[in-house]
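Notes follow the structure.
Quick note: the coordinates plus some simple rules give every number you see, no bench work behind them. Everything numeric in this text was worked out from a predicted model, so none of it was measured. We place every Cβ from the backbone using ideal geometry, glycine too, and count neighbours over all the protein chains shown.
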Amino acid sequence: MINIRLNKKFKYVYFNSVMYIIAANLLVYVFLHLTNIKIQGSPLLYYLGLVPGWISKGYVWQYVTYMFVHVDFFHILFNMYMLFMFGSMIERALGSKEFLLFYFVTGVLAGVLGSLFYNLTGYTNVLVYGASGAVYALMFLSSVMVPNGRVMLFFIFPIRLGVLILLFLVMEILRVVLGSDGVSSIVHVGGMLIAWLYCLLRFRISPLKVWKNLFTRT
């Protein structure tokens with residue numbers, strides 16, 4: 001049950017865009033694994049993924065295409081499962097147009113923040129890929145829309161979404177601070193922070209107020 005009225009800007013339409021996004025991710029995954037295309041000596045993966053040092057050369061499309069690139073099977077399995085679980089619920093609540101705007105704005109800007117971070121820290125040739133930035137943003141939004149919603153942590157322990165997203169946020173920030181950022185935790189953090197700002201600016205909802213009510217409820 002959605003217990004927050006979101007300030008939707010579009011006329012409600014629903015065409016299950018989550019499944020189209022999942023299909024696109026799967027097609028790119030299969031294509032990259034079945035082909036060995038190279039451009040100027042570099043694998044196609046490096047042109048579709050996000051390489052921070054390449055952005056200044058004009059490869060700005062990478063801010064979008066990196067969201068559809070996965071290399072590891074379990075990486076795409078996890079991302080597509082979370083996209084289906086949280087994205088489907090959000091798309092039905094907001095409508096497909098608002099969902100798509102949220103998904104791509106948060107995903108692209110998470111990539112921008114990640115790119116800036118890596119450029120500032122000197123890791124200009126790191127390869128960033130995956131839908132995780134947008135997926136973490138969807139998880140964040142779901143905790144604002146349904147703060148009392150429960151999910152099974154590790155498929156065993158029931159936990160409220162508000163608690164879960166805060167645990168994820170703290171965990172990912174620690175990974176960035178401690179330097180164990182092999183899975184681009186900065187992009188995960190970026191996705192959640194952009195989602196936070198999106199809630200404030202577009203939906204006129206304060207996540208902190210939502211979570212405060214959640215934790216002070218008796």
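A few points about this structure:
- Shape call, region 37-78: gyration tensor on alpha carbons, a/c limit 1.5: oblate
- Which of Ala93, Ile159, Tyr46, positive extreme of dipole for the chain (C-beta unit charges): Ala93
- Cross-link partners of Lys9 among lysines, defined as those whose alpha carbon lies under 23 angstrom from its own and excluding same-chain residues fewer than eight positions apart: Lys97, Lys209.
- Percentage of interatomic Cα-Cα distances in region 1-85 larger than 16 Å: 64 percent
- Karplus-derived 3J(HN,Hα), 6.51/-1.76/1.60, for each residue of region 85-95, Hz, glycine and proline x: 5, 8, x, 5, 5, 5, 5, 5, 6, 9, x
- Cβ-to-Cβ counts within 10 Å put Phe203, Phe74, Phe86 in ascending order as Phe74, Phe203, Phe86, the fewest first.
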